[in-house]
Amino acid sequence: MSNAYTFVSRRQFCAGACQVASCATLATLISGCGGDSPTSPDRPTTLPTLSGQFSGSMVKVTTTGTALDNVGGAALVQSVAGVFLISKTTATTFTAIDAVCTHEGCTVNGATDTEYVCPCHGSRYDRSGHVTHGPAQANLRQYAASFADGVVTINL
């Protein structure tokens, strides 16, 4: 008659338990890495950076030959007056908003097709600066922007 009970040493039990825990952890990590393809519209890309020229109470940005040439294009604009996010909404209109995340002050420098994304904690804002996903709770500040002769002017 066979013995239905097989005794396992403490060492064998602990080794088996560690293997099970390791496999469960590895499975969790692998599943967390998948999901989005590199070309997914929800995966943010880093915005191109443009230089803005500060003069008086305005920042001027040349759009010719930049991402702002096309409707839907967006860029991060750096100037001595601050850092701004600009997007082209129509052939002659642009939105300009502050690029400093309202959560902890990081520079928002990522974007999807419809949103800006903060690299620090993942806050998302629509192209008008309204929070669409936290942890940020306050919207980004909007600025009036005008366009003439290939130059966007941000009025501070």
Filtering region 83-93 for residues that are modelled with pLDDT of 95 or more and of a type in the set (Gly, Ala, Ser) leaves a count of 1
Subset of region 50-69, residues without any contact (Cβ under 8 Å) to a residue 60 or more places away in the chain and assigned to a strand (DSSP E or B), comes to Leu50, Ser51, Gln53, Phe54, Ser55
Residue pairs qualifying under the 7 Å Cβ cut-off, at least six apart or on distinct chains, with the first in region 94-115 being in contact (Cβ under 8 Å) with a residue 24 or more places away in the chain and over 13 Å from Val83 (Cβ atoms) and the second being surrounded by fewer than 20 Cβ atoms within 10 Å (Cβ to Cβ) and among the aromatic types (Phe, Trp, Tyr), are Phe94/Phe147
Scanning region 133-148 for residues that are surrounded by fewer than 14 Cβ atoms within 10 Å (Cβ to Cβ) and in a strand (DSSP E or B) gives His133, Gln142, Ala144, Ala148
Note: among Ala96, Ala111, just one is in contact with a Ser or Thr (Cβ under 7 Å, 6 or more places away or on another chain), buried (at least 18 other Cβ atoms within 10 Å of the Cβ) and either at pLDDT below 95 or among the small types (Gly, Ala, Ser) (or both), namely Ala111
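For (1) at pLDDT below 95; (2) of a type in the set (Gly, Ala, Ser); (3) loosely packed, with under 14 Cβ neighbours inside 10 Å, each residue gets a yes or a no:
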| position | (1), (2), (3) |
| --- | --- |
| Pro38 | yes, no, yes |
| Pro44 | yes, no, no |
| Val61 | no, no, no |
| Gly65 | yes, yes, yes |
| Gly105 | yes, yes, yes |
| Pro119 | yes, no, no |
| Tyr125 | no, no, no |
| Gly150 | yes, yes, yes |
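Can you list the strands (runs of 3 or more DSSP E) lying wholly within region 70-125 that have 1 or more residues being more than 17 Å from the chain's Cα centre (by Cα)? Explain how you work it out, then say what you get.
Values: elements: 74-79, 82-88, 94-98, 115-117.
Filter on region 70-125 gives 74-79, 82-88, 94-98.
The values are calculated or read from the model by the stated rules, or taken from the named source; none is laboratory data. Since this is a predicted model, take the numbers as computed values, not measurements. Neighbour counts are summed over all protein chains in view; Cβ atoms, including those assigned to glycine, are modelled from backbone coordinates with ideal geometry.
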